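Single-structure report; data block below.
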Amino acid sequence: MFIEDIRNDFYNVLLGNRVLLLVHYDVDAICACKILQELFRCDNVSYTLVPVGGLSELKSAYEENNEEVKYVVLVNCGGTVDLVDILQPDEHVVFFVLDSHKPTDICNVYSDGQVRLLYKDEEENIPNFDDIFRDDEDQENEEELEARHGLEALVERRRARKAWEERRHTLMFNYTQFSYYGKPSTSVALELAVRASRCTAAALWCASVAAAAHAALHCRSPARCLLDAEPLHRYVAAAQRKTTDDDVHQAARVVVEKDVWLPLYRWWSVEGAISHAAALAPQLRLHTHSGAARLRQLLADMGFPLQQARQAYRSMDVELRRALLPALEAAAPRQRLPAPARAAFLLQRPHAPTLAALDVVYAIMGLIENESTPRAEGFQHALAALAVGGDGESLQRGVAAARRALEAVARAAHGTLAARAVLLAGPFNYFIVQEGSPEAAALRGPLWLAEAARWVGAAHSHAPRPLLASAPGADGDCLLLGLPPRFDQEPRNLFGAAFEQAATKSGASVSLDFVDSSIISLPVSQRAQFLDALTALLA
């Protein structure tokens, strides 16, 4: 069921109770968790926080921590599956679900109150209850019906039931055939903070990072991202109006300004940031022999000497730093590049450099998908990286990890494109990151593998097709994820339902454990068998 009032029907219910907080490993979930943690701290709500990576971890986390817990809050997990069926909870346990993964499981939608959904996305076209559920228990059984009304009535009843079942199948297929994202969960958490009169700079910053993540990772279409961010823009503007001149010099504040949309350029060099930007680098075709010349020409058109473009941004000439935005905007059309700048959320802090929300997105990705750090430890560092005060150790660690991962993404994309290793399998393209390659370890997680897939997909934008990407996992398994053909404009993904059907038809040992249904894992030895079944299914 959907709740009506997020403060009274959700937050006030938690006050005075112990809460189990289950949070998925993604940027939006971590940002929402940070806001909830601050609210819990202010109101002395005791809670147990457990990060979860998939459905099996969700189940084990609940089983290990459900003693004396009446309320469970799930962030970006649990919404797309039948929670009651999977977790088998006691009747008194209540689940509050804040999940941007869509579509929402129909059993959660029509729960009698044990599962409570914190918001309904306007894109969700949820079927009516009577079209999905049918109760025949109170009706006469077929023998009694035949004896009382005759064979004709029995046949008519069976015909009506068959028609209802066919209509139900069609409705459920249309409802579940695409997986997609709703608005960021952090937007809902921010709305709660506003209603609780705790809309601080820290809360605004978390919401800004989540909004940047949805835009940078193409979770939503550009138009939807703008609509999702509109309330945040209003809150940021209201906070700026309340800030006095003295406050500006004493505390951090979030602002919205036009900024270059390049990953980590303030922590990198201009050349390095452009070379590893999935929005620009594929269009420069850096994987070709002439790619380096195109990049040098772009820098020349900008008026940036190579010596300056290759040194750390913070060490560059001040005038060049100030000229970066207009220079890149003026030079980009000559190389037929997309607009390199957009309105961005920035954190301005006293006695510290400006921090871009986009940079924190990549830093968090680097922390939670780092081959040298356990995920649970990376999760805690990611929470610390969202702090608004200073360049903390966790943030710097995340930036360093993100740079290494972006370099691995670029190498994987360049190698795939240069070797023409994007293969055609009928209705879709696919590429495989080979075991033993230098970048394989960095792309074992879905976040960075998806970044490589978007890079390769952007390079094939002249002939868009659905794209599959695979990378080696652990214990002889591999990761497989799918992108829709125009992921940057319409990110609805049909691979979730297709993977499930192909797994059944192929007989492969496919793991559907991921929260995002367009990501699966399976043994490397069965990958070709599975791809053949998927090709036949989508042909």
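The values are calculated or read from the model by the stated rules, or taken from the named source; none is laboratory data. Here the structure is a predicted model, which means the values were calculated and not measured. As a convention, Cβ positions derive from the backbone with ideal geometry for all residues, glycine included, and neighbour counts pool all protein chains shown. The protein model used for the area step is the full one, side chains on, heavy atoms only, and it has no ligands, DNA or RNA in it. Shrake-Rupley method; radii C 1.70, N 1.55, O 1.52, S 1.80 Å.
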I need the full set of residues from the stretch 353-375 which are assigned to a helix (DSSP H, G or I) and not aromatic (Phe, Trp, Tyr), in order please. ALA357, LEU358, ASP359, VAL360, VAL361, ALA363, ILE364, MET365, GLY366, LEU367, ILE368, ARG375
A careful count of residues in the stretch 272-287 that are open to solvent by 40 Å² or more (accessible area, probe 1.4 Å) and farther than 12 Å from ALA332 by Cβ gives 1
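Residue-by-condition table, conditions (1) modelled with pLDDT under 95; (2) within 22 Å of the chain's Cα centre (by Cα):
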position: MET1; (1), (2): yes, no
position: HIS24; (1), (2): no, yes
position: ALA29; (1), (2): no, yes
position: CYS33; (1), (2): no, yes
position: LEU39; (1), (2): no, no
position: ASP43; (1), (2): yes, no
Would you mind finding the one in LEU328, LEU298 that is of a type outside the set (S, T, N, Q), closer than 24 Å to GLU451 by Cα and within 30 Å of the chain's Cα centre (by Cα)? LEU328
What are the residues in the stretch 480-502 that are surrounded by fewer than 20 Cβ atoms within 10 Å (Cβ to Cβ) and either touching a residue at least 60 places away in the same chain (Cβ under 8 Å) or not in a loop (DSSP other than H, G, I, E, B) (or both), if any? ASP488, GLN489, GLU490, ARG492, LEU494, ALA497, GLU500, GLN501
Answer with yes or no whether LEU531 is more than 20 Å from LEU447 (Cα to Cα) and either outside any helix (DSSP H, G or I) or open to solvent by 30 Å² or more (accessible area, probe 1.4 Å) (or both). no
Of VAL510, VAL515, VAL456, the only residue that is open to solvent by 20 Å² or more (accessible area, probe 1.4 Å) and at pLDDT 90 or above is VAL510
Matching residues in the stretch 503-525 - criterion: being more than 17 Å from ALA450 (Cβ to Cβ), of a type in the set (S, T, N, Q) and touching a residue at least 24 places away in the same chain (Cβ under 8 Å): SER506, SER511, SER525
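Scan the stretch 197-212 for residues that are part of a helix (DSSP H, G or I) and under 17 Å from GLN348 (Cα atoms) and jot them down. Explain how you work it out, then say what you get.
At the first step, the residues of the stretch 197-212 found to be part of a helix (DSSP H, G or I) are 201-212.
Of everything in the stretch 197-212, those that are part of a helix (DSSP H, G or I) and under 17 Å from GLN348 (Cα atoms) turn out to be ALA201, ALA202, ALA203, LEU204, TRP205, CYS206, ALA207, SER208, VAL209, ALA212.
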Does ALA459 satisfy the criteria of being more than 19 Å from the chain's Cα centre (by Cα) and over 28 Å from ARG220 (Cβ atoms)? no
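Among the residues of the stretch 364-373, write down those that are in contact (Cβ under 8 Å) with a residue 40 or more places away in the chain and aliphatic (A, V, I, L, M). Give the derivation first.
Going through the stretch 364-373, the residues in contact (Cβ under 8 Å) with a residue 40 or more places away in the chain turn out to be 364-365, 368-369, 371.
Answer for the stretch 364-373, where residues must be in contact (Cβ under 8 Å) with a residue 40 or more places away in the chain and aliphatic (A, V, I, L, M): ILE364, MET365, ILE368.
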Just to be sure, is ARG411 in contact with a helix residue (DSSP H, G or I) (Cβ under 8 Å, 6 or more places away or on another chain), touching a residue at least 12 places away in the same chain (Cβ under 8 Å), open to solvent by 50 Å² or more (accessible area, probe 1.4 Å) and not acidic (Asp, Glu)? no
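For the subset of the stretch 379-400 comprising residues that are free of Cβ contacts under 8 Å to residues at least 60 places away in the same chain, assigned to a helix (DSSP H, G or I) and out of contact with any Phe, Trp or Tyr (no Cβ under 9 Å at 6 or more places or on another chain), which member is surrounded by the fewest Cβ atoms within 10 Å (Cβ to Cβ)? Working first, answer last.
Step one: list which residues in the stretch 379-400 are free of Cβ contacts under 8 Å to residues at least 60 places away in the same chain, which gives 380-381, 384-385, 390-398, 400.
Filter once more, so that each one left must be assigned to a helix (DSSP H, G or I): 380-381, 384-385, 393-398, 400.
Still in the list and also out of contact with any Phe, Trp or Tyr (no Cβ under 9 Å at 6 or more places or on another chain): 380-381, 384-385, 393-395, 397.
Numbers: GLN380: 16, HIS381: 22, ALA384: 16, ALA385: 25, GLU393: 11, SER394: 20, LEU395: 23, ARG397: 19.
Selected residue: GLU393.
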Subset of the stretch 161-190 [part of a helix (DSSP H, G or I) and among the basic types (Lys, Arg)]: ARG161, LYS162, ARG167, ARG168
Against the conditions (1) of a type in the set (Val, Ile, Thr); (2) open to solvent by 10 Å² or more (accessible area, probe 1.4 Å); (3) in contact (Cβ under 8 Å) with a residue 40 or more places away in the chain, where does VAL318 fall short? Just the number, please. (3)
Among (1) over 22 Å from GLN489 (Cα atoms); (2) open to solvent by less than 50 Å² (accessible area, probe 1.4 Å); (3) free of Cβ contacts under 8 Å to residues at least 60 places away in the same chain; (4) part of a helix (DSSP H, G or I), ALA421 falls short only on (4)
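Considering only the stretch 264-320, give the helices (runs of 4 or more DSSP H) lying wholly within it that have at least 1 residues that are of a type in the set (Ser, Thr, Tyr) and either in contact with a helix residue (DSSP H, G or I) (Cβ under 8 Å, 6 or more places away or on another chain) or within 17 Å of THR416 (Cα to Cα) (or both).
Details: elements: 270-275, 281-284, 291-302, 306-309.
Qualifying helices (runs of 4 or more DSSP H): 270-275.
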Tell me which of these HIS351 doesn't satisfy, since it passes every other one: (1) surrounded by fewer than 20 Cβ atoms within 10 Å (Cβ to Cβ); (2) modelled with pLDDT of 95 or more. (2)
Do any strands (runs of 3 or more DSSP E) lying entirely in the stretch 8-106 carry at least 3 residues that are not hydrophobic (A, V, I, L, M, F, W, C), and which ones are they? 47-52
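Name the one entry in LYS183, LYS258 that is closer than 29 Å to PRO446 by Cβ, in contact (Cβ under 8 Å) with a residue 60 or more places away in the chain and charged (D, E, K, R). Show your work before the answer.
Details: LYS258 fails: closer than 29 Å to PRO446 by Cβ.
Matching residue, one of LYS183, LYS258: LYS183.
Out of all the residues in the stretch 36-47, is one or more farther than 16 Å from GLN380 by Cα and touching an Asp or Glu at 6+ places or on another chain (Cβ under 9 Å)?
Of all residues in the stretch 36-47, those farther than 16 Å from GLN380 by Cα come to 39-46.
Retained after the next criterion (residues that are touching an Asp or Glu at 6+ places or on another chain (Cβ under 9 Å)): none.
No, the stretch 36-47 has no match at all.
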